[in-house]
Amino acid sequence: MSTSYELSPRLKRLECRLKSKDYKQPKPWYFENVNILNIPENEYLKKESIVIRKAYAIRYVAEHIPTPIYEDELIVGVPNQSSVEFGMCMPRYLTEDERDYFRRLGLSELSLSGHHPPDWSRIIEKGISGLREEVSKQLLAMTKVRDTNNEAEVENETDELRAMLLSLDGLETLAIRYADKALELAVKEKGKTRKQELLKIYETLCHVPDRPADTLQEAVQSFWITYTLLASCGEFLPLGRIDQYLIKYYLDDIHLRRIDDEQARDIIGSFLIKCNERNVLDAKKFIPHMEYGTFSGVIHYVSREDTLIYENKNREHFYHDDEPEDSVHNKYFGQEANNRMMTCVVGGTDSNGNDAANRLSGMIIELISEMRLLFPTVGVRMSKNTKDELLNIVADAIRSGQGEPVIYNDESILKSFSKLSITADEARNYSSDGCWETIIPGVTNFSYSLVNTLQCLEYVFNHGHLLKTGAMNGLDCGDIRNLTTYDMFYTVFLKELYYVMDALWRINIENRGISSLSAPDPLLSVLCDDCIESGRDFYGDGAKYHLRCLLLTGFADTVDSLNVIKKLVYEDRKITIEELHGAMLDNWKGHERLLAYIRNRIPKYGDNDVTTDSTGIRLIKDFSSKIIELRKRSYSIQLTGGIGTFHMYALWGDTVHASANGRQAYDALAPNYSPVPGNSEKGPLAAIMSATRADLSEMTTGTPLDLSVNSNEFEEESGRERLKDLIRGFIDMDGQILTITATSAEELKEAMLYPEKHKDLRVRMGGLSAYFIQLAPAQQEKIIERFVP
Amino acid sequence: MKAYISKIQHFNVHDGNGFRTTVFFQGCNLRCKWCQNPELQNPTPIMMYDKALCTGCGACMEACTNKALEPCGEGIYFHAFECTLCMKCEEQCFNGARFFSSHKCTLEYVLKECLKDEAFYVYHGGGVTLSGGEPLLQSDFCFSLLHSLKSIGISTAVETAGYVNYEAIEKVIEDTDVFYYDVKLIDRGKRKKYLGSDSNLMLDNLVKLSRLHDRIVIRIPLIPGVNDSETEYIRIMKYIKSLGNIRYVQIMPFHQLGMRKYELADINYEMKDIDAENTIKINKCSDIAKSYGFEVNIGGGGFVYELRAVSKVKETGMPT
């Protein structure tokens, strides 16, 4: 039985400071115009390889970043400012010539893709000293085989290993600087308790991350100081399975009575607060630092033309006062202002498949929920064996209107991992990447491409053209009037779909590892398996597995559209395909009766209707078989599937004209694997039933179903039990990933009117959680639509 | 076998344990002034019209087979007496502006809908609740439906005001896990005034039922100025206590969420200006009920009685 804890006075003070001060202040961006090569004494570095220079850049950060320690906190370390939307700053290390060269590839020093949780337990358990030993051993081994190997390759590898050591030195430096700071403050401090705490921080940082951690505080500090340095050098990293990394230190401490549960909560709570200090709620206060090349490790660029498009896109990261609120720029502005891919996952199994959920799993969920923090976005791995104790905590957190934790169904996800060549015990260690995708910490280099199926449908109607830009992105499969049966229509649709999938697959293979040329990361590599043994960078060939995902985007809208076409045109023959096309081109103007019929009379995905759902089942099956085919054809990557939009459903809908399901031109897509908002009058259970009919076993990356439920339906003890039933039902039905936002349309509407009263209201946005009042009005309305009237 | 069913609502959390699928029946012989489903009082379906959704396209008029819909000024006038319930107008109104309060549904259809959420019934005895209107007015259908559900292990509940022949109640006793029985008023004069009937049938039926069935939850709609005075409320309590085997009392505070239905169904609503029941009174009534030894829940969301072990039915095999 879970009891609700009072937050300790310390955590209350920390939370208060966070929300009243940190959230309101714009933060400094360090190292904006620094290039380490421009420092006179660094002239010699120009002769070194790029990875070595990167290591020196890391060291530069460690030596120069300010080391503030705030009141009341037990865990220290403040990373440089950054965000997915507004970019990042780090010392540059390329020469002008190199920059020009990489620019043509769309790359720069900033082309780090983040997304991958390293194996954080390596730094916690081994410490810098342990890792140094491993690297040195490998360096020695390499000298021995030097003669027999290709000279150039050996140099690359030894450089990578050298860079790993250099960046570990940097990490040590940063820890020492923080230790010095703590000592300095301790001497000045008047209060006895705080003096002791500061001395404790000093001691902790003298010990870790240099050596293996012994206590909970050391483990957490070792973890966070390492994160601090990585994040300050441009990485957007998930936190992985934090409860698993920390539990043994917690148990030791409790067992030896070094600390009690309350003190453990203070340590974990202080750490969770640190994860949020860089947030600024008013996105207009952010200073954009988006430059070409940022993130291009994720987004695959093929030609120079694309690079130019990307540079123009930068404009979108400014708020345009001269444009109306709902202009393309302003509508989506600020959506990812605070997104740093900081997710974590608790619960799940150990490598033998035993339930590994522990005291910390629940504690982390409780603390995030009680302090209403934005980060880390927390997920929980569950199964039929999940204990009631954890389930209660999960249900309470969801009920309190957090939109979190995200629920991962172990059984279903592990089944899909078994389709890849990844060992079962590694798969059991899966966690989340920066959003919700499943990924295994420390071993997987991961990236994805979007397959917008609704665009594919548009190609069928318009000879392969995308109406918005007029560009010919698909295939010209002839006149739609020739498609006399639904099967013919569907075949052409598949042809378009496969054409896009083929193209994306090719780009994924061609661009694999390309970002490591300009933006290697030796510090990240040292925390990942196999990189030391191979002497390769994590972003290059170093990672053990290279997963690439084709993500089916626009699922619900596509399935509904296909159903409308099937029923209206080919089965009931109410109108011809040409007439339907005409109505879509008119964006339904003058076709109101047809639109009403489509919206209200044709069953949709999410209605729990077997016939309707069979269309979706077929789409997933055909998508999966193409994934399997492409996977068999690739050697350097393992291709997986998934269904999702992240929180970008509005942005990606903005590329597609009106669709056959009655969707207006350029309207948002339905989020992730969820039914179209407003359609699902049959309620959440029907949505779950619809979503669990298809075989999702090739969708390894995940298929999150986002549900919105009214919080007033889950009040009291019985409400909690019902919510647990809902979660258990989802797991029983073999669903994969589930998010539940419990609030009400009334509450949201009121929050639009009186934002100041609803500062803490968080909503789930597909990939992350956001404070509702921070969103643009257009987005707020979309979220309200999700609620059944 | 068919019955007039208004709707089959999934994911209900206020009509019994777990998640309920609630089947609303058409027809009720009471005329409670505060009724929240007034469109279900008539024994047969009635026409509903949502002006906000109407585009004035006139498709309903064209579809009408008996000229029951006629142009009148800028709108369309509905002659209720001419309507043959052919429902062609509803069929043509794609916007859902014109529709009927209920439809004739087969037992097979209702069963199929009820079983759709079966996967979620397992843990806390979720299941099916019959409500209305007064479901027991169509007791043969109720019996067949409940019996089919029970035979595959699904929990059943019936919400009734008991204003039916006792035989109708008797028929479903065996297949009903829990009865939600409305007790509205004891005062005979007030009953005449507010319920449209001063018959003792409801109270007598409850006495009879309580001798044969041990899982009855009493629901008291708490209506401002009608039964929330201390004297009347205590009379209700004493009456329930006298039944001997009642454990749960649920207080259903008056609210105005059903007001729109009066507009849609074009029925005069007398309690328009009454405010929702206030919390202080609700809590007081709750305390009084507790002092009589009942377990009290407000709003009907609470679980009642210990959970019966529900066997999970694997395949949703339709009982024949």
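The values are calculated or read from the model by the stated rules, or taken from the named source; none is laboratory data. Given the structure is predicted, the values throughout are model-derived calculations rather than measurements. Note that each Cβ is placed from the backbone with ideal geometry, even for glycine, and that neighbours are counted across all protein chains shown.
List of remarks:
- Failed condition for residue A:600, given (1) closer than 30 Å to residue B:98 by Cβ; (2) modelled with pLDDT of 95 or more; (3) not in a loop (DSSP other than H, G, I, E, B): (2)
- From the options B:111, B:115, residue that is closer than 21 Å to residue A:607 by Cα and either within 12 Å of chain A (Cβ to nearest Cβ) or modelled with pLDDT under 95 (or both): B:115
For (1) crowded, with 23+ Cβ neighbours inside 10 Å; (2) in contact with a strand residue (DSSP E or B) (Cβ under 6 Å, 6 or more places away or on another chain); (3) not charged (D, E, K, R), each residue gets a yes or a no:
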| position | (1), (2), (3) |
| --- | --- |
| A:697 | no, no, yes |
| A:701 | yes, yes, yes |
| A:708 | yes, yes, yes |
| A:712 | no, no, yes |
| A:715 | no, no, no |
| A:725 | yes, no, no |
| A:728 | no, no, no |
| A:734 | no, no, no |
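- Of all residues in the range A:545-579, exactly one satisfies the criterion of being loosely packed, with under 15 Cβ neighbours inside 10 Å and within 13 Å of another protein chain (Cβ to nearest Cβ), namely A:574.
- Filter pass, residue B:223 being in contact with a helix residue (DSSP H, G or I) (Cβ under 6 Å, 6 or more places away or on another chain) and on the phi < 0 side of the Ramachandran plot: no
- Residue selected from the range B:131-141 under the condition surrounded by 19 or more Cβ atoms within 10 Å (Cβ to Cβ) and touching a residue at least 40 places away in the same chain (Cβ under 8 Å), by the criterion nearest to the other protein chains (Cβ to nearest Cβ): B:131
- The single residue among A:7, A:14, A:18 that is assigned to a loop (DSSP other than H, G, I, E, B) and within 28 Å of residue A:276 (Cβ to Cβ) turns out to be A:7.
- Number of residues in the range A:36-79 that are among the polar types (S, T, N, Q), part of a loop (DSSP other than H, G, I, E, B) and over 20 Å from residue A:525 (Cβ atoms) equals 1.
- Of all residues making up the range B:1-23, the number that are closer than 25 Å to residue B:84 by Cα and surrounded by fewer than 22 Cβ atoms within 10 Å (Cβ to Cβ): 4
- Set side by side, the residues B:166, B:121 differ, and just one is among the hydroxyl-bearing types (Ser, Thr, Tyr) and more than 14 Å from every other protein chain (Cβ to nearest Cβ), which is B:166.
- Taking the range A:687-765 and the strands (runs of 3 or more DSSP E) fully enclosed by it, the elements with 3 or more residues that are away from chain B (no Cβ under 12 Å), closer than 22 Å to residue B:122 by Cα and touching a residue at least 60 places away in the same chain (Cβ under 8 Å) are at A:737-743.
- The condition of being more than 10 Å from chain B (Cβ to nearest Cβ), outside any loop (DSSP other than H, G, I, E, B) and within 30 Å of residue A:502 (Cα to Cα) holds for residue A:642.
- Breaking point among (1) within 14 Å of chain A (Cβ to nearest Cβ); (2) without any contact (Cβ under 8 Å) to a residue 24 or more places away in the chain; (3) not hydroxyl-bearing (Ser, Thr, Tyr), for residue B:128: (2)
- Candidate set: the range A:587-613, residues that are more than 19 Å from residue A:683 (Cα to Cα) and touching a residue at least 60 places away in the same chain (Cβ under 8 Å); chosen: the one farthest from the other protein chains (Cβ to nearest Cβ): A:587
- The single residue among A:540, A:616, A:582 that is more than 14 Å from every other protein chain (Cβ to nearest Cβ), assigned to a helix (DSSP H, G or I) and under 30 Å from residue A:158 (Cβ atoms) turns out to be A:540.
- Filtered residue count, the range B:63-74, keeping only those that are within 25 Å of residue A:592 (Cα to Cα), away from every other protein chain (no Cβ under 14 Å) and either in contact with a helix residue (DSSP H, G or I) (Cβ under 8 Å, 6 or more places away or on another chain) or surrounded by 19 or more Cβ atoms within 10 Å (Cβ to Cβ) (or both): 5
- The one condition from (1) modelled with pLDDT under 95; (2) touching a Lys or Arg at 6+ places or on another chain (Cβ under 8 Å) that residue B:106 does not meet is (1).
- Qualifying residue in the range A:141-149 (condition: outside the structural domain of residue A:530 (by TED's automatic domain parsing) and surrounded by 14 or more Cβ atoms within 10 Å (Cβ to Cβ)): yes
- Within the range A:456-491, tally of residues that are closer than 30 Å to residue A:513 by Cα and surrounded by fewer than 21 Cβ atoms within 10 Å (Cβ to Cβ): 4
- Taken over the range A:155-204, residues that are under 30 Å from the mean Cα position of the chain (by Cα) and farther than 30 Å from residue A:535 by Cα amount to 1.
- Residues in the range A:615-665 that are farther than 26 Å from residue A:678 by Cβ, small (Gly, Ala, Ser) and in contact with a strand residue (DSSP E or B) (Cβ under 9 Å, 6 or more places away or on another chain): 4 in all.
- With respect to being modelled with pLDDT of 90 or more and either of a type in the set (S, T, N, Q) or buried (at least 22 other Cβ atoms within 10 Å of the Cβ) (or both), residue B:81 falls outside the description.
- Residue within the range A:610-628 that is within 25 Å of the chain's Cα centre (by Cα), among the polar types (S, T, N, Q) and surrounded by 24 or more Cβ atoms within 10 Å (Cβ to Cβ) present: no
- 1 or more residues under 18 Å from residue B:33 (Cα atoms), small (Gly, Ala, Ser) and in the same structural domain as residue B:129 (by TED's automatic domain parsing): qualifying helices (runs of 4 or more DSSP H) within the range B:179-287: B:188-195, B:259-265
- Test: residue A:542 is out of contact with any Gly (no Cβ under 6 Å at 6 or more places or on another chain) and not hydrophobic (A, V, I, L, M, F, W, C): yes
- Only strands (runs of 3 or more DSSP E) whose full extent lies in the range B:1-52 are considered here, and the ones with at least 2 residues that are within 14 Å of chain A (Cβ to nearest Cβ) and β-branched (Val, Ile, Thr) are B:20-25.
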